[in-house]
Structures are given as C-alpha cells and as structure tokens.
Amino acid sequence: MLDPYRRQINYLRISVTDRCNLRCRYCMPEKGIKFMSAEDILSFKEIYDFVNVAVDSGIHKVRLTGGEPLMRKGIVQLVEMLASIPGIKDLGMTTNGILLNRYAGDLAKAGLDRVNISLDSLDAGNFHYITRVGKLENVLDGIKAAREAGLNPVKINCVIKDKGLDENAAKVKDFGEKNGMQVRFIKEMDLESGVFSVVKGGDGGKCHICNRLRLTPDGFLKPCLFSEVGYNIREYGYREALGLAVGNKPERGSLNNINNFYNIGG
Ligand code: SAM
Ligand code: SF4
C-alpha cells in the first residue's frame, strides 16, 4: 500500500489491551484512568480477520503492544492465530517483561519471532520509582527467559529525558552491549503537545520513512501516533478502514489529544 507521500505501508502495530500491570510515570497516571469497556475491545477473531485483510493488502510486519500485551487473557493463542497467517514475515511484541518469564517459552512455540522489552533502569529503586510498582528482577528474569526461548532478536527499549543518556540509561546501554542486545533509546514524548523525536537505534519518529499503521484495542485504525485521525474498523469494514487510514496518513505527526501511550501502544 502506497500512501499519498509514496511511503510503502507494510507494518501494523496492534495494541491488544489498554490495561497494564505497571504505571510508568511518563505513560499512565497513577489513578483515575478510564479504561475501555470489555464490549469495545476487539475479539481475537476480529483481530485475526482484520490482519488477514491487512496482509492481503501488503502488511507483512506485525507487532503486538498495549498497555501490557501479556495482560491480555489468552495472548499466546492470539500469537498462534496470527503466526498461522502465511503473509506475516515478522511477528513481534513490545512488553514490559514483567510476565515474560512465565510466557516466553509458550510465545516462542506459538510463533512469536522477536521481542522488545522496556527497561529504563538497572537500579531496583529507580526502576520501582519510574514504574511506580514494578520489580526489576521480574524484568531481568523475563529478558533471560526470552533469550533462552530463542526469541530473536531481543531488544531493549529505554525511555530517556530530553538531555540525553543519564546514569540509568548509560547503565542500560552497557548492559545491552555486554549481553549482545540492541538498546533503542526513545526520548520521552508528549502526545498532547506533539513533542516527538527520532528513536535512536530504531525507525520511530522518522516521518518521511514511516511505514506504520496502528490498531487500538477498541478497533480504531490510526495512520499516525501523533494524529487524532482514526477509522473504526467495525464501522467502516476492514478493507475500507485500511484504504482510509493509508489514504489519509499525514505527511508528518502533529499532536494527539484523544489517545494515550497506554492505549495506542507507543
Ligand atoms: N507495556 C509495554 C511496554 O512498556 O513495553 C508495551 C506498551 S508501551 C506504551 C510501548 C513503548 O512505549 C514502551 O517502550 C514505552 O517505554 C514507550 N512509551 C510509553 N510512554 C512513552 C512516552 N511518553 N514517550 C516515549 N515512549 C513512551
Ligand atoms: Fe505499562 Fe508500558 Fe505504559 Fe509502562 S510504558 S505503563 S509498562 S503500557
């Protein structure tokens, strides 16, 4: 699928839930979150059917995200369903890693290829502060399990402040280097004010080569993270929604006051 700016759209990021077992300060408020209601959340069948149509239209890379994707009940089954679609060349997941020790083996068996694990600090106290509730050792166990399960590559996502690598990020960088894992540094973004920048070590934030669409847990297909445009796939139908999202992909991101990182998936 070519968009109006001649970008080849072949990558779909699916946020499978807006729930999360962490409360990272830059992503979610501590309290008062209005979660989507159960009947609005896409079923596995709806996701599977939509992805089939998307693959038929040229999508070949799919990533599951959230909220926390491992909080979605039956996630291994969804991975298995998506992995069975022949046109998907690359099936990945972005996770906070807290539950990965429990799931990595089953996810790999179900056909997940790769995983990005979010890790902002290797200091247990700082990690707990940033995530408000998280235990660092759970993530480290998750990283180990992902590698042992043969998920490949295992990459680390590290959110940094504007000023560059602080002590936390520098230690994550060393950890990645010592263990042969690529670390992607993502500058903290703000959807409301439209503050975003290029992801170091990744392709995010480069509007001129952006190849992505995003599907929210409640079925809105969004052409851009930093835009309020979205098409309800239930309302428009799968093929029509795809055509609209690709045809209306903005040249570059601006701002988004209607989504949050925890429901659009970053
Ligand atoms: N819960 C999973 C996780 O944390 O990896 C997946 C969803 S999370 C929204 C996806 C990515 O977005 C994570 O790597 C997270 O660090 C990043 N993220 C969340 N809020 C952000 C923000 N305000 N600016 C930049 N990245 C952010
Ligand atoms: Fe949850 Fe991921 Fe957001 Fe942290 S960044 S609160 S782990 S969705």
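Every number in this text was worked out from the coordinates using simple rules, so none of it is lab data. What you see is a predicted model; the values in this text were computed from it and never measured. We place every Cβ from the backbone using ideal geometry, glycine too, and count neighbours over all the protein chains shown.
Values as computed for the structure displayed
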read-out	value
Shape call, the stretch 23-63: gyration tensor on alpha carbons, a/c limit 1.5	oblate
Spacing of the two label points (7 Å from each Cα toward its C-beta) at Asp162 and His208, in nm	2.4 nm
Over the stretch 178-266, relative contact order from alpha-carbon pairs under 8 Å, at least 6 apart, %	28 percent
Range of Cα positions in the stretch 1-107 per principal axis (Å), largest first	41, 35, 26
Kirkwood estimate for the stretch 11-264, i.e. one over the average of 1/r between Cα atoms, Å	18.4 Å
Percent of Cα pairs exceeding the 28 Å cut-off, where the set is the stretch 100-230	24 percent
Whole-number percent relative contact order across the stretch 72-132, with pairs defined as alpha carbons under 8 Å at least 6 apart	38 percent
Gained length - Glu46 relative to Val133, 0.36 nm times residue gap less alpha-carbon distance	28.1 nm
Computed [θ] at 222 nm, helices only, for the chain once each DSSP H run of length n ≥ 4 contributes -39500 (n - 2.57)	-9000 deg cm²/dmol
Percent RCO, i.e. relative contact order, over the stretch 11-264, from Cα pairs under 8 Å lying at least 6 residues apart	21 percent
Compactness relative to 2.2 N^0.38 Å, alpha carbon Rg of the stretch 69-152	1.13
The stretch 11-264, dipole about Cα centre (Lys/Arg Cβ +1, Asp/Glu Cβ -1), debye to the nearest 20	360 debye
Distance in nm between pseudo-label sites at Ser254 and Asp90 (7 Å out along the Cβ direction from Cα)	3.0 nm
Prolate/oblate/rounded call for the stretch 208-266, Cα gyration tensor, a/c under 1.5 rounded	oblate
Nitroxide proxy distance, nm - points 7 Å out along Cα→Cβ at Val229 and Asp56	2.4 nm
Qualifying GluC sites (Glu not before Pro) for the stretch 1-57 [loop in DSSP, other Cβ within 10 Å: at most 12]	Glu30
